[in-house]
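Below is one structure, written out as structure tokens; the observations come after it.
Read-outs throughout are calculated quantities, based only on the coordinates presented, and are distinct from any laboratory measurement. Everything numeric here is computed off the predicted structure, so don't read it as measured data. Every residue, glycine as well, gets a Cβ built from its backbone with ideal geometry; the counts of neighbours run over all protein chains shown.
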Amino acid sequence: MESAEIHLLFLPANLAWVSFFGDTPSSIRGENYFPTLEAARSALRCAGLKAVRISASQYRIIADHEQEVFNVTV
């Protein structure tokens, strides 16, 4: 069984960062649209979470105490 992850994506059509659980928008402290990456990071910190960069427009959201694991494809 594959588990869904929480991601933070920049959506150019909305000019905002949006949090998703799998394919569904999800909220962080009652919000899921953030005008800046810093606003999203602030909400994440308050919730005990942090963002790990996957690409320029996508971050994986993890618990602040969780170790970052990087997959390398050759």
Taking the Cα centre of the range 17-58 as the origin, how large is its charge dipole in debye, to the nearest 20, when only Lys and Arg (+1) and Asp and Glu (-1) carry charge on their Cβ atoms?
200
Taking Lys and Arg as +1 and Asp and Glu as -1, residues besides Ile28 with C-beta under 12 Å from its C-beta add up to +3
Stretch gain in nm, segment Phe21-Val52, where the contour uses 0.36 nm per residue and the Cα spacing is subtracted
9.7 nm
